[in-house]
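Inspection log for the structure reproduced underneath, given as structure tokens.
Every number in this text was worked out from the coordinates using simple rules, so none of it is lab data. These numbers come from a predicted model, not from an experiment. Glycine also receives a Cβ, built like all others from the backbone with ideal geometry; neighbour counts cover every protein chain displayed.
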Amino acid sequence: MAAISARDRQDLWRCAVRAARALGGARPSMGTAIMACLARAFEEVGRVWDGVEAEEKGKGKIVNVKKLAEIGAAVIEKIIAQRKNEVEMLGMVFVGWVEGFLLETTTLTILTPSTPTPIHHLILVLLTHLPTLTLTLLIHEPRPGHEAAATTSQLVSSIPVHQTPRLTIEIIPNCAVATAARRADVVVLSAERIEGNGDVKGGSGLLGVVGVGKSRSSNSPFSDINTRRRGCRVVVLTDIDRIAPSYLLPSLLDFPTPTPNTRHTLKSSSAIAVFDEWFETVPARFVDAYVTEKGVLDLEGVRGVSVGVGELRESIFGGEL
């Protein structure tokens, strides 16, 4: 539609930006990742357009709007194809981090909430690329929703038969997570959003898992002297688009809110206070590493990505979303 109605490149760009803003607001909880992904895609489209126009100008030709739209669509299709490989890339980065953590041992115990999206694939990658690894996976079930059972079923069905002897899976109910954490070498989390200050937003139960993991680590005053190990590490597995721009403070901007009628009713009474927070927060001080498809980041790395994506989003979208 934009290719038909747009008069020139600037007009086509404005139409695309308006569509991107609408897309970013379609699912508020995913707004950070959507807008970061779109900003990087738009940056690439603009770069390709510049190159094509410079080349055609050298030939004394002008690239029309229809051609620009076709080029933009081709760039987007290429980016989509590349992103399909990002889980595999994330898995290989995680393998590298685990290799550095293991050093001379070949056993590893991972504690994870029940719904980190890529975990079943990443476990498969670990078993494939670390053939001497013996892995125990403790899946925390924070509420009786059978999410851990579903995660375990998906994982078991994806593991080749010859690798199953090296994998042990335990589903840990909420009441037993502190006991299970005594055995954990690594707590693995996924994130809905990572703030510019490194704080991690995610589903319920994250902070409890991290807290008990850290309290049982070897450098904690609460650690049982009989179970002290090299220390429990907390690792966040995330695609880099989930790192929020630095200018967006932790707020409601990316989070779902009650319906207008519900909100009006709640706000109309001075006796009712609404605490508008919908994700659990794990403070950055508890996180040892942020593992992304682009590599392992520390807190300074997260801050750098946050500033960069903030500047990019402002340059393309004006920073409104």
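At-a-glance table
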read-out: Spacing of the two label points (7 Å from each Cα toward its C-beta) at Leu102 and Thr134, in nm; value: 1.3 nm
read-out: Kirkwood Rh, Cα atoms: Rg over Rh of the stretch 2-83; value: 1.02
read-out: Full-extension gain in nm, Ala73 to Val52, via 0.36 nm per residue minus C-alpha separation; value: 6.1 nm
read-out: Only Lys, Arg (+1) and Asp, Glu (-1) charged, at Cβ; the stretch 2-83 dipole about Cα centre in debye; value: 180 debye
read-out: Ranked list, fewest to most other Cβ atoms within 10 Å of each Cβ, for Asp8, Asp199; value: Asp8, Asp199
read-out: Extension gain from Lys294 to Thr179, taking 0.36 nm per residue of separation minus the Cα-Cα distance; value: 38.0 nm
read-out: Cross-link partners of Lys67 among lysines (Cα-Cα below 26 Å; sequence separation of 8 or more within a chain); value: Lys57, Lys59, Lys78
read-out: Spin-label model distance (nm) - Glu88 vs Arg21, 7 Å beyond Cα toward Cβ; value: 3.8 nm
read-out: Computed lengthening from Arg7 to Val156, 0.36 nm per intervening residue step minus Cα-Cα distance; value: 48.2 nm
